[in-house]
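Here's the structure, in structure tokens; my notes come after.
The values are calculated or read from the model by the stated rules, or taken from the named source; none is laboratory data. Computed from a predicted model, the values in this text were never measured in an experiment. Glycine also receives a Cβ, built like all others from the backbone with ideal geometry; neighbour counts cover every protein chain displayed. Areas reflect the complete protein model, heavy atoms only, side chains present, ligands, DNA and RNA absent. Shrake-Rupley method; radii C 1.70, N 1.55, O 1.52, S 1.80 Å.
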Amino acid sequence: LSVVVGLLAVPAIYQLTRGLLLVGRRPRLGAAPVWGGGLAGTLAAVSPFLVYYSQETRNYMMVTTWTILASLALWKGQEAILDRSPLRSRAAWWLVYIVFASFTLYTNYFGALLLLAHVIYLAAVFIHHRQFPVLGAVSLIATAGLYFPWVKPGIAQMLRLQANPDFWAGTLSLQALVERLFVAFSLGPKAQGAVPVIAAFALIAFVSLI
């Protein structure tokens, strides 16, 4: 299941990146949106981080894919509004958004950070275009409504973990946090402790940024 969901992330990232890069451009073969989307999809396909979690029977790959699909639906829905597409087309994208945003929340609590990012994005759209994103706001409210049945069990679970932290001690040093994040998002969790390889990757990343 994790592999199947992980594979879905690749075309989803391609479409999302291509859509972002198409703003203000005409779609044509060889243009930046096409190779940019292809590059993003390729990086997703070979990412040690995503490959690792596509092999685990846990929820991390699912929440990643649902996040991408929800963001893609949000982007498409908002673009359809700005392009004054037919109401049916606009509503369809927002319904897809509600589905995947709900999947994200129900899969992992950190999915709430996605909705926060989407609220900020819609606020930016409103400021820039002077047009209140009605369908976006309604979709976010609908997503919150669908999640409401889990609020009470969720609070109970968090209170239990606070009283009895059975799988996480609750403390993490800044150095350990930075180390783990860098390793996880670069070479994958299996590279933990491979100092020479990590140092080489850090050097490549530093030169690339320059």
Inset, instruction - Scan the range 11-25 for residues that are open to solvent by 40 Å² or more (accessible area, probe 1.4 Å) and in a helix (DSSP H, G or I) and report the count. - result: 6
Legend entry - Residues being open to solvent by less than 50 Å² (accessible area, probe 1.4 Å) and touching a residue at least 12 places away in the same chain (Cβ under 8 Å) - total across the range 118-127: 3
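For every residue, the table says whether it meets (1) among the β-branched types (Val, Ile, Thr); (2) surrounded by fewer than 20 Cβ atoms within 10 Å (Cβ to Cβ).
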position: VAL34; (1), (2): yes, yes
position: VAL46; (1), (2): yes, yes
position: SER54; (1), (2): no, no
position: MET62; (1), (2): no, no
position: TRP66; (1), (2): no, no
position: GLN78; (1), (2): no, no
position: LEU82; (1), (2): no, yes
position: LEU116; (1), (2): no, yes
position: HIS129; (1), (2): no, yes
Inset, instruction - Can you tell me which residue among VAL46, VAL51 is more than 14 Å from the chain's Cα centre (by Cα) and touching a residue at least 60 places away in the same chain (Cβ under 8 Å)? - result: VAL51
Inset, instruction - Quick one: TYR97 ticks every box in (1) surrounded by 22 or more Cβ atoms within 10 Å (Cβ to Cβ); (2) in contact (Cβ under 8 Å) with a residue 60 or more places away in the chain except a single one, so which number is it? - result: (2)
Inset, instruction - Please indicate, with yes or no, whether at least one residue in the range 35-51 is touching a Phe, Trp or Tyr at 6+ places or on another chain (Cβ under 8 Å) and of a type in the set (Phe, Trp, Tyr). - result: yes
Legend entry - Boolean, ARG130 is of a type in the set (Lys, Arg), farther than 19 Å from VAL63 by Cα and touching a helix residue (DSSP H, G or I) at 6+ places or on another chain (Cβ under 7 Å): no
